[in-house]
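Here the structure is laid out as structure tokens; the discussion comes afterwards.
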Amino acid sequence: MVPMQTTSVEAVAACAFLTVFSDDPVLRDEATGGLASRVSVHPEVRAALNKRQVDFANQPGGAVLDGRDIGTVIAPMPM
């Protein structure tokens with residue numbers, strides 16, 4: 001396997017994808033999650049993904065999200 005080398009600019013650009021791709025079952029695969037962890041070490045990617053997830057969580061009608069930071073970072077409950 002060739003090591004993945006991605007610049008921050010390329011990684012941030014990869015965050016801009018059409019919503020239609022979110023229906024792809026490969027995105028829910030455990031191997032894909034591992035790749036996401038490798039890319040998310042870039043601060044620019046983390047910021048872009050955080051904004052995308054917050055916007056998704058706050059869309060009209062709500063959303064269903066799964067992940068470690070959802071309840072604490074992405075959509076914390078107001079106190």
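Scanning segment 51-68 for residues that are basic (Lys, Arg) and either loosely packed, with under 13 Cβ neighbours inside 10 Å or touching a Lys or Arg at 6+ places or on another chain (Cβ under 6 Å) (or both) yields Lys51, Arg68.
Considering each of Val54, Val9 in turn, give the residue that is of a type in the set (A, V, I, L, M) and at pLDDT 85 or above. Every option except Val54 fails the conditions.
Which residues, counting only those in segment 26-56, are closer than 15 Å to Asp66 by Cα and not in a helix (DSSP H, G or I)? Selection gives Asp29 alone.
In segment 37-50, which residues are surrounded by 12 or more Cβ atoms within 10 Å (Cβ to Cβ) and either in contact (Cβ under 8 Å) with a residue 12 or more places away in the chain or within 23 Å of Asp23 (Cβ to Cβ) (or both)?
Within segment 37-50, the subset surrounded by 12 or more Cβ atoms within 10 Å (Cβ to Cβ) is 38-40, 42, 44-50.
Within segment 37-50, Arg38, Val39, Ser40, His42, Glu44, Val45, Ala48, Leu49, Asn50 qualify.
The values are calculated or read from the model by the stated rules, or taken from the named source; none is laboratory data. Keep in mind it's a predicted model, so treat the numbers as computed, not measured. Using ideal geometry, Cβ is built from the backbone for each residue, glycine included, and neighbour counts are taken over all protein chains shown.
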